[in-house]
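Inspection log for the structure reproduced underneath, given as structure tokens.
Just so it is clear, none of the values below were taken in a lab; they were calculated from the coordinates. All of these numbers come straight from a predicted model, not from anything done at the bench. Here Cβ is always computed from backbone atoms with ideal geometry, including for glycine, and neighbour counts include all displayed protein chains.
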Amino acid sequence: MRLFGRRGADDGSRGRLADLLVVGLANPGDEYAGTRHNVGAEVVAVLAGRHDARLKRAVGRALSAEVRTGDGLLVLAVPGTYMNLSGEAVGPLVRRYCPEDPGRLVVVHDELDLPPGRIKVKVGGGLAGHNGLKSIKAHIHTDDFVRVRIGIGKPPGRQSGADYVLRRPGKAERAELDVAVQEAADAVEAILAGGPEAAMNRVN
């Protein structure tokens with residue numbers, strides 16, 4: 001597989017840099033497993049499974065795994081913090097694996113502004129009120145990272161967005177999201193192979 005803009009070199013102090021650092025956003029704990037807010041972490045779990053990798057605590061407040069792909073390096077991670085503190089976990093990962101190139105960071109997250117199951121790849125731009133993204137920007141001081149957005153739709157009626165994202169979807173929506181999680185993992189693989197623009201042309 002051709003890795004986009006290969007950067008897997010050893011700088012002698014930080015260790016090997018990543019071709020891609022993929023972070024799936026979520027809240028920790030069994031009570032949040034399967035909720036709409038945790039689809040990002042589900043994508044990272046799928047990618048880890050595809051590459052026979054096991055996430056473990058290695059850098060800061062995150063679970064992560066280093067995956068060798070040819071002579072490149074793919075890093076998979078899930079913050080160990082709550083969603084609105086995601087930057088506390090992502091900051092050390094960025095400083096370790098892509099300190100001079102935030103474009104190597106791919107954040108996978110739920111998106112209220114997309115219908116359930118819809119996938120879009122985006123580079124930089126607005127954060128759409130997503131607390132996890134806002135925390136990451138605050139800690140790495142830029143929003144010039146790649147996002148893989150997984151649509152979960154708007155809350156029905158007068159239900160608050162906060163309540164909606166922390167609930168588990170019904171059976172039909174869960175089936176849609178299961179497909180979307182696989183497609184989002186495919187989108188990450190497309191970014192790894194050809195870069196964000198190629199992935200946007202394929203996915204968006």
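The table for this structure:
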read-out	value
Residue of 127, 25, 85 that the Gaussian network model of the chain assigns the largest fluctuation, springs spanning Cα pairs under 10 Å	127
Total formal charge among the other residues, if their Cβ is under 14 angstrom from that of residue 166, Lys/Arg +1 and Asp/Glu -1	-1
Spin-label zone in region 13-47 - amide nitrogen under 19 Å from a point set 7 Å from the Cα of residue 95 along the C-beta vector	13-18, 21-23
Pairs of lysines in the chain (C-alpha under 30 Å apart; 8 or more residues apart or interchain)	15
Taking region 117-204 and dividing mean pair separation by its residue count, relative contact order in percent (alpha carbons under 8 Å, at least six apart)	42
Antiparallel content of DSSP bridges confined to region 66-204, in %, to 5	60
Computed over region 50-124: relative contact order in percent, which uses C-alpha pairs under 8 Å that are six or more apart	19
FRET efficiency, residue 204 to residue 158 (Cβ-Cβ, R0 41 Å, nearest 0.05)	0.85
Ranked list, fewest to most other Cβ atoms within 10 Å of each Cβ, for 178, 52	52, 178
Sequence of 110, 30 once ranked by neighbouring C-beta atoms within 10 Å, starting from the fewest	30, 110
Alpha-carbon centroid distance for the pair region 19-94 / region 175-204, whole angstrom	17
Options [x] 16.7; [y] 18.3; [z] 24.0 - which one matches Kirkwood radius over Cα pairs in Å as calculated here	[x]
Relative contact order computed over the chain (Cα-Cα under 8 Å; 6+ residues apart), in percent	26
